[in-house]
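Quick one: structure below, then a few questions.
The values are calculated or read from the model by the stated rules, or taken from the named source; none is laboratory data. What you are looking at is a predicted structure, and each value in this text was computed from that prediction instead of being measured. Here the Cβ positions follow ideal geometry from the backbone for every residue, glycine too, while neighbour counts run over all protein chains shown.
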Amino acid sequence: METINHDRLKRLFLELVQIDSLSRRERDCALRLKRELEAAGARCQFDRAGEKVNGNTGNLIAHVDGTLSNVPPLLLCSHMDTVVPGEGVKPVLEGDIIRSDGTTVLGGDDKSGCAIICEVLHQLREKRIPHGPIDVVFTICEEVGLLGAKFLNLDLVRAREGLVYDSDAPGYLFVRAPGAQVLTFKVRGLEAHAGMYPERGISAIKLAAEAVAAMRLGRIDEETTANLGLIEGGRAINVVPNEVVIRGEARSRDAAKLKTQVEHMIDCFKQAVARAEVTVEGKSYKAELDYTAKDEYAAMNVPDDAPIVRKVVKAAERCGRVVKPEAMGGECDANILNQRGLVVANLGTGMREIHTVREWLDVNDMIGTAEVTLELVKIQAGA
Ligand SMILES: [Zn+2]
């Protein structure tokens, strides 16, 4: 097992977290990473994803040529953007534990992944470890809908299997993650004076309430959840409301269950609206429903016996570690990459309490993940 350069990894990580890189503003971070990748012998280019998302840079894509031929290329991927509050990060050190100062996130999500990948490339070069081709992808806009991965120019990526480094628990290899649909329901009733002619109105709020009350929400089963998170409607307390809009989502790791849940939610609204009808001065009025259900991202479902999974588990064993394929509740670039035909699992880096101002990380966890990755590169090369 190779010895990782602890100080270099820690130094790069500390430098990266102090470069602001909110979503769509990753350029400074990308330029710093480009310099690091080039120092490790990689050729860098940017794709045009930035133009499509109104950002200030595209995805950073780097190629490292193999020293061996006939080895399938390996993808190593992490994202450069961070969530708010994420500007002006001042890391606080207690030995190898790195925290934010409590006013921002740390940005270990996902600069830990970026730093680990750079260190792996340094190791390969310095120690002349025989390896196949490696593609590095540092994406933009992961935190705002996986946009960098969605618009990634796959013509620039040779690898068809690899790893995303974007989860907190070291020792976990996430292979399953939910797909999601975003739902919008617009219920239209009929406006009327609430005090004088309530019988001439159809309350959109009441219909929506009936639909929601009949709906299965929250945890549906072990791999499926649903939520209605936004509601707006009505104009005044003395007017029977003629419109209400409700927005929500459903997630499942199983595509069929996701479809069933979405249909159930739509059906609840349809049934509530179908019952509502009034006749005003001989003319009949019916409530109406408009809805949309859009795929937010597809589920990720890499089989436990996929070659990339087996190779990572074996690499961990060689390092005296245990890495287990698991299911996660959130989403990451791997959802999109798998949807786009690659086979990509998500390996933990040590980032903890992410998306909070209490975010922290232990450098030794990053070292562990870098060690496993180096072994993976060797196994990929047949060693
Ligand atoms: Zn992340």
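Going through the range 287-322 one residue at a time, which ones are closer than 15 Å to residue 262 by Cα and surrounded by 14 or more Cβ atoms within 10 Å (Cβ to Cβ)? Give the derivation first.
Step one: filter the range 287-322 for residues closer than 15 Å to residue 262 by Cα, giving 290-299.
291, 293, 296, 297, 298, 299, listed by residue number.
Follow-up. Do the conditions hold for residue 155, that is, is it away from the ligand (no atom under 16 Å from the Cβ) and part of a strand (DSSP E or B)?
Working: away from the ligand (no atom under 16 Å from the Cβ): yes; part of a strand (DSSP E or B): no.
Here the answer is no, as residue 155 does not meet what is asked.
If you go through the range 220-242 one residue at a time, do you hit one that is touching a helix residue (DSSP H, G or I) at 6+ places or on another chain (Cβ under 8 Å), assigned to a helix (DSSP H, G or I) and surrounded by fewer than 20 Cβ atoms within 10 Å (Cβ to Cβ)? Before the answer, list the steps.
Of the residues in the range 220-242, the ones touching a helix residue (DSSP H, G or I) at 6+ places or on another chain (Cβ under 8 Å) are 220-221, 223-224, 226, 228, 231, 233-234, 240-242.
Then drop every residue that is not assigned to a helix (DSSP H, G or I), which leaves none.
Checking the range 220-242: not a single residue is touching a helix residue (DSSP H, G or I) at 6+ places or on another chain (Cβ under 8 Å), assigned to a helix (DSSP H, G or I) and surrounded by fewer than 20 Cβ atoms within 10 Å (Cβ to Cβ).
Output the residues belonging to the range 345-368 that are more than 13 Å from the chain's Cα centre (by Cα), away from the ligand (no atom under 13 Å from the Cβ) and within 22 Å of residue 302 (Cβ to Cβ).
Scanning the range 345-368 gives a single hit, 368.
Which helices (runs of 4 or more DSSP H) does the range 1-61 wholly contain that include 1 or more residues that are closer than 19 Å to residue 106 by Cα and modelled with pLDDT of 95 or more?
On the way: elements: 6-17, 27-39, 49-53.
Because the criterion is at least 1 residues that are closer than 19 Å to residue 106 by Cα and modelled with pLDDT of 95 or more, the helices (runs of 4 or more DSSP H) in the range 1-61 that meet it are 6-17, 27-39.
If residue 350 satisfies every condition in (1) part of a loop (DSSP other than H, G, I, E, B); (2) closer than 19 Å to residue 255 by Cβ but one, which is the exception?
(2)
Checking the conditions here, which among 112, 100 is within 14 Å of the ligand (Cβ to nearest atom), surrounded by 20 or more Cβ atoms within 10 Å (Cβ to Cβ) and of a type in the set (Gly, Ala, Ser)? Before the answer, list the steps.
Working: 100 fails: within 14 Å of the ligand (Cβ to nearest atom).
Exactly one residue qualifies, and that residue is 112.
Show the residue pairs that are 6+ apart or on different chains and have beta-carbon atoms under 8 Å apart, the first residue being within the range 65-79 and among the hydrophobic types (A, V, I, L, M, F, W, C), the second being within 16 Å of the ligand (Cβ to nearest atom) and in a loop (DSSP other than H, G, I, E, B).
Final answer for the pair search is 76/165; 77/165.
Could you tell me which residue of the range 168-179 is farthest from residue 215 (Cα to Cα), considering only residues that are within 16 Å of the ligand (Cβ to nearest atom) and modelled with pLDDT under 95? Give the derivation first.
Within the range 168-179, the first condition is being within 16 Å of the ligand (Cβ to nearest atom), and the residues that meet it are 168-170, 172-174, 177-178.
Within this subset, residues satisfying the condition of being modelled with pLDDT under 95 are 168-170, 172, 177-178.
Numbers: 168: 33, 169: 34, 170: 38, 172: 35, 177: 24, 178: 21 Å.
Restricting to residues being within 16 Å of the ligand (Cβ to nearest atom) and modelled with pLDDT under 95, the top hit is 170.
Say we look at the range 136-159 and pick out the residues that are under 26 Å from residue 83 (Cβ atoms) and of a type in the set (Asp, Glu); which of these is surrounded by the fewest Cβ atoms within 10 Å (Cβ to Cβ)?
So the residue we want is 143.
Determine which member of the set 215, 196 is outside any strand (DSSP E or B), out of contact with any Phe, Trp or Tyr (no Cβ under 6 Å at 6 or more places or on another chain) and in contact (Cβ under 8 Å) with a residue 24 or more places away in the chain. Steps first, please.
Numbers: 196 fails: in contact (Cβ under 8 Å) with a residue 24 or more places away in the chain.
So the residue among 215, 196 that is outside any strand (DSSP E or B), out of contact with any Phe, Trp or Tyr (no Cβ under 6 Å at 6 or more places or on another chain) and in contact (Cβ under 8 Å) with a residue 24 or more places away in the chain is 215.
Another question, then. Out of the residues in the range 326-340 meeting the condition of being hydrophobic (A, V, I, L, M, F, W, C) and within 9 Å of the chain's Cα centre (by Cα), tell me which one is nearest to the ligand (Cβ to nearest atom).
Step one: filter the range 326-340 for residues hydrophobic (A, V, I, L, M, F, W, C), giving 327-328, 332, 334, 336-337.
Narrowing further to those that are within 9 Å of the chain's Cα centre (by Cα): 332, 334, 336.
On the way: 332: 6, 334: 11, 336: 13 Å.
Among those residues, the one meeting the criterion is 332.
May I ask you to verify whether residue 48 is more than 16 Å from the ligand (Cβ to nearest atom), without any contact (Cβ under 8 Å) to a residue 40 or more places away in the chain and surrounded by fewer than 23 Cβ atoms within 10 Å (Cβ to Cβ)? If you could, list the steps in order and put the result at the bottom.
Details: more than 16 Å from the ligand (Cβ to nearest atom): yes; without any contact (Cβ under 8 Å) to a residue 40 or more places away in the chain: no; surrounded by fewer than 23 Cβ atoms within 10 Å (Cβ to Cβ): yes.
So residue 48 does not fit the description; no.
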